[in-house]
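Worksheet: one structure, shown below.
The values are calculated or read from the model by the stated rules, or taken from the named source; none is laboratory data. If you're wondering where the values come from, they're calculated on a predicted model, not measured in any experiment. Please note: Cβ atoms are built from the backbone with ideal geometry, for glycine as well, and neighbour counts cover all protein chains shown.
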Amino acid sequence: MERHGAWIDGQEVASGEWSRVINPATEEVIAEAAVLDAAAVDSAVAAARRALPAWRQASPGERSMALHRWADILAGRAQEIAAVETRQTGKPIRMSREFDVAFSIDNLRFFAAAARLPSGTAQAEFAAGVSSRVRREPIGVAAGIAPWNYPLNMAVWKAGPALAAGNTMVLKPASNTPLTALILAEAARQAGIPDGVLNVVTGPGRVLGDRLAAHPDVGIISVTGDTETGISVMKRASQTVKRLHLELGGKAPFVVFEDADLDAAVQGALFGAFINSGQDCTAATRIYVEDGIFGTFMDRFVEQVDQIRVGDPGMEETEMGPLISRAHRERIVQHVLAAREMGAQVAVGGERYPSQEFPAGFYYPPTVLYHVDQSWPIVQQEVFGPVVVVLSFRGEAQAIQLANDSPYGLAASVWTQDVQRAERMARAIEAGTVWINDHITIVSEMPHGGFKQSGFGKDMSHYALEDYTVLKHVMTNLTHEPTKPWQFIRLKG
């Protein structure tokens with residue numbers, strides 16, 4: 001059995017207790033990770049504080065080159081990392097290889113380049129005799145809490161901008177998916193990033209996450225997770241008035257108008273709803289279809305959902321793997337059961353796979369529900385699995401009302417060939433990302449983040465770099481005069 005220690009101050013750190021990492025497709029234990037305590041978090045934060053002066057004083061070019069070397073090392077280990085990501089998450093190997101690993105490397109390369117962007121504003125004189133300029137400086141020690149659905153990618157979304165801006169970091173991966181975060185830390189050291197700049201602590205969130213949120217030496221904490229986790233972190237972070245960067249839950253509306261390219265919309269819904277087994281905060285979970293094409297859309301969509309290839313995530317042809325855990329699958333089962341008891345109809349899926357089809361693994365079929373009410377929990381609450389609800393609407397005004405009728409506001413998409421309508425919808429929908437005739441696509445150069453209970457702060461893009469900096473106004477006296485005309489308190493004698 002492989003055992004992996006945490007990573008503090010450039011060294012692997014073991015403990016007296018170990019947690020199991022389980023392959024969701026086979027239910028086999030594939031590794032064990034060290035279970036740290038609050039004292040170990042304090043050690044990691046102390047290491048990050050020691051490393052901070054030298055790292056923040058390094059030139060942008062030096063930090064940039066270090067991040068480029070880091071990305072190069074990950075690229076050289078891409079196949080290995082993809083295999084590890086698939087084994088610990090259950091996501092299809094093609095997705096791990098072509099998105100999670102490839103996109104993480106692209107993110108790092110973007111932030112390596114962004115580290116060299118000029119910061120602040122041009123110097124100017126806004127008052128007689130004095131000149132002002134604005135500096136952007138690193139906040140200090142950053143804490144990152146990454147989720148289990150995109151372990152590597154979310155770790156990079158936090159570490160990339162934090163380190164590029166001159167901060168040091170303590171990263172806590174999810175307890176059931178720590179392996180690629182540990183590889184990330186090892187690769188950072190190989191790239192010449194100084195010890196203590198990136199530390200990875202493993203163990204339960206209720207201990208490690210709570211300590212990071214309350215720690216007085218942590219200047220900012222970045223969390224990707226559900227909204228309840230974000231609320232808990234906010235409460236603890238308030239004790240030290242630290243900055244927050246929260247990417248939380250989502251319940252993305254997918255709005256299809258009568259004039260939409262139906263083939264494109266069905267394909268968009270198929271991929272947008274069931275990517276990563278629906279364990280995606282931007283997944284298309286609420287599909288709204290205009291009355292005139294509702295039946296046609298449903299027929300085509302359900303036919304395609306029924307053909308999704310579910311199976312061994314290690315196989316190239318697999319399109320959807322298992323859920324992350326038995327407990328999470330049971331949560332999905334209960335969501336669907338409750339909706340059915342309220343009157344929801346099942347178009348496809350909706351039941352556990354028979355044991356002879358999947359004797360092991362936390363599999364659940366792609367599921368489409370209809371005849372649901374907008375107010376029901378299955379429409380309002382984040383299910384975070386391969387479960388989609390389809391509802392109808394009449395006209396643009398109702399489409400906007402339904403799309404915005406949610407506590408979340410992370411992402412949405414609009415499907416129409418009317419350019420003016422598309423722009424009106426994009427302006428009216430309350431979401432951090434609105435796709436037009438697309439869903440899920442993201443790029444390193446553009447920001448990702450939410451409205452409402454989906455949190456605040458932006459991942460990716462130069463806006464993420466700004467989130468990990470603090471503004472400082474520097475004012476310089478340009479004269480040699482000891483006093484100014486407007487100073488009414490003067491030297492005496």
> Are any of the residues in region 52-74 more than 24 Å from the chain's Cα centre (by Cα), in a helix (DSSP H, G or I) and crowded, with 19+ Cβ neighbours inside 10 Å?
Replying inline: yes
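For region 407-493, which strands (runs of 3 or more DSSP E) that fit wholly inside it have 3 or more residues that are small (Gly, Ala, Ser) and at pLDDT 95 or above? First the steps, then the outcome.
Working: elements: 411-415, 433-436, 469-477.
Result: 411-415.
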> Could you list, in sequence order, the residues of region 296-333 that are in contact (Cβ under 8 Å) with a residue 40 or more places away in the chain, of a type outside the set (A, V, I, L, M) and not in a helix (DSSP H, G or I)?
Replying inline: 306, 312, 313, 314, 316, 318, 319, 321, 322, 325
> Looking at 312, 280, which is the one that is over 30 Å from residue 449 (Cα atoms) and acidic (Asp, Glu)?
Replying inline: 312
> Restricting the first residue to region 271-282 and requiring it to be within 14 Å of residue 381 (Cα to Cα) and in contact (Cβ under 8 Å) with a residue 12 or more places away in the chain, which pairs with a second residue that is outside any loop (DSSP other than H, G, I, E, B) and of a type in the set (Gly, Ala, Ser) meet a Cβ separation below 6 Å and a spacing of at least six or different chains?
Replying inline: 282/252; 282/411
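Please indicate, with yes or no, whether at least one residue in region 355-375 is under 21 Å from residue 227 (Cβ atoms), in contact with a strand residue (DSSP E or B) (Cβ under 8 Å, 6 or more places away or on another chain) and in a loop (DSSP other than H, G, I, E, B).
If we filter region 355-375 for residues that are under 21 Å from residue 227 (Cβ atoms), which is where we start, we get 374-375.
Checking the rest, the ones that are also in contact with a strand residue (DSSP E or B) (Cβ under 8 Å, 6 or more places away or on another chain) come to 374.
Of the ones still in play, those that are also in a loop (DSSP other than H, G, I, E, B) are 374.
Within region 355-375 (the criterion being under 21 Å from residue 227 (Cβ atoms), in contact with a strand residue (DSSP E or B) (Cβ under 8 Å, 6 or more places away or on another chain) and in a loop (DSSP other than H, G, I, E, B)), the answer is yes, since at least one residue qualifies.
Among the listed residues 442, 489, which satisfies the condition of being among the β-branched types (Val, Ile, Thr) and crowded, with 16+ Cβ neighbours inside 10 Å? If you could, list the steps in order and put the result at the bottom.
Numbers: 489 fails: crowded, with 16+ Cβ neighbours inside 10 Å.
Just a single option satisfies the conditions, and that option is 442.
Here are some residues: 431, 426. Which one is touching a strand residue (DSSP E or B) at 6+ places or on another chain (Cβ under 6 Å) and surrounded by 17 or more Cβ atoms within 10 Å (Cβ to Cβ)?
Result of the check over 431, 426: 431.
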>> Residues that are closer than 22 Å to residue 159 by Cβ and outside any strand (DSSP E or B): does region 245-252 have at least one?
In response: yes
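Being in the same structural domain as residue 236 (by TED's automatic domain parsing) and buried (at least 24 other Cβ atoms within 10 Å of the Cβ) is the requirement here; does residue 170 meet it?
yes
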> Can you tell me which residues in region 396-417 are of a type outside the set (A, V, I, L, M) and touching a helix residue (DSSP H, G or I) at 6+ places or on another chain (Cβ under 9 Å)?
Replying inline: 396, 404, 405, 406, 407, 408, 413, 415, 416
>> Just to verify a result, which residue in region 340-364, among those that are touching a helix residue (DSSP H, G or I) at 6+ places or on another chain (Cβ under 9 Å) and touching a residue at least 40 places away in the same chain (Cβ under 8 Å), is surrounded by the most Cβ atoms within 10 Å (Cβ to Cβ)?
In response: 364
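Restricting to region 317-339, and then to whatever is within 27 Å of residue 294 (Cβ to Cβ) and small (Gly, Ala, Ser), can you tell me which residue is surrounded by the fewest Cβ atoms within 10 Å (Cβ to Cβ)? Steps first, answer last, please.
Filtering region 317-339 down to residues within 27 Å of residue 294 (Cβ to Cβ) leaves 319-320, 332, 335-339.
From what is left, the residues that are small (Gly, Ala, Ser) are 338-339.
Numbers: 338: 14, 339: 25.
If we take residues in region 317-339 being within 27 Å of residue 294 (Cβ to Cβ) and small (Gly, Ala, Ser), then 338 is surrounded by the fewest Cβ atoms within 10 Å (Cβ to Cβ).
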>> Within region 1-25, take every residue that is touching a residue at least 60 places away in the same chain (Cβ under 8 Å) and of a type in the set (A, V, I, L, M, F, W, C) and give me the one that is surrounded by the fewest Cβ atoms within 10 Å (Cβ to Cβ).
In response: 22
